[in-house]
1. Residue-wise, which Karplus ³J(HN,Hα) couplings in Hz belong to region 199-216, taking 6.51 cos²θ - 1.76 cosθ + 1.60, θ = phi - 60°, and x for glycine or proline?
2. Calculate the spin-label point distance for Ala61 paired with Lys214, positioning each point 7 Å from the Cα along the beta-carbon direction, and give it in nanometres.
3. For Lys153, give me every one of the lysines with a C-alpha distance below 16 angstrom, ignoring sequence neighbours fewer than eight places off in its own chain.
4. Using only the Cα atoms of region 74-143, what semi-axes does the equivalent ellipsoid have when each is the square root of 5 times a gyration tensor eigenvalue? Give whole Å, largest first.
5. Count neighbours as other Cβ atoms within 10 Å of each site's Cβ, and list the trypsin sites (Lys or Arg not before Pro) in region 114-146 that are DSSP loop with at most 14 such neighbours.
6. Could you list which residues have their amide H under 5 Å from that of Val34, counting only those 5 or more apart in sequence or on another chain, with H placed in the peptide plane?
7. For a footprinting-style exposure proxy, rank Val40, Val102 by other Cβ within 10 Å, fewest first.
8. Please report the Cα spread of the chain along all three principal axes, rounded to whole Å, starting with the longest.
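Only the coordinates and a few stated rules stand behind these numbers; no lab work does. No experiment lies behind these values; they were computed from the predicted model shown. As a convention, Cβ positions derive from the backbone with ideal geometry for all residues, glycine included, and neighbour counts pool all protein chains shown.
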Amino acid sequence: MNDRELRQNVMDELDFDPSIHSAEIGVAAENGVVTLTGHVPFYSQKLEAERAAWRVKGVKAVAQEIQVRYNGEKMHNDDEIAQRAVSILAWDSLLPRDAIRVKVEDGWVTLTGQLDWNYQREVAAEDVHKLGGVLGVVNNIALRQTANEIDVKQHITDALKRHADIEAKRVKVSVHDGGTVSLEGDVGSWDERVAAVHAAWCTPGVHAVDDRLKIG
């Protein structure tokens, strides 16, 4: 696939997704690297645009340069965003109450605290992504360490072997620093890469994943 075809396919995917206001998004492609520019009215759409680009076959990397621009009447004060963030996190049954702290500055939300699982970190960020007035989210929530390195590596290796979308022998797993997982090797698609990273995060004791996988 040449760059012109790749660019068109990404544009078509953006237009196809009804959750994305694609009219103001620009797309460039060079050697499999897709650059997204322009602006959208909500931060959540910025994230969805990047996910849409990754879904397109042939995309090897995405440079995210989309800006969030709210209409004047939709601007929100930082204290209002903070109050809404605290409320939505408190209402989420997947999150322990009062475990996450929220800071808002110029529309940017920073989350801190400690949780047991990475999916909880992702849930917390997704909750805040949906709020009006948010220009970006910095997820500094830490994960507690609960397992030794040998157990962690074995759990991940077994999970990769079970997964239908992953050719496990092409992925090298190493664990260091008491729970930091490094994934190296080649995968056939972005979905396979996401699945491998997800398998690592689903293992008890993992507090960081260093994704060095390459899409072949």
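1. 4, 5, 5, 7, 8, x, x, 7, 10, 7, 10, 9, 8, 10, 5, 10, 8, x
2. Between Lys214 and Ala61, the label points sit 1.2 nm apart.
3. Lys161, Lys169, Lys172
4. So the three semi-axes of region 74-143 are 20, 11, 10 Å.
5. Passing both the DSSP loop test and the Cβ count: Lys130, Arg144.
6. Hits under the 5 Å cutoff: Lys60, Ala61, Val62, Ala63.
7. Listed from fewest to most nearby Cβ atoms, that is Val102, Val40.
8. The principal-axis extents, from largest down, are 54, 50, 24 Å.
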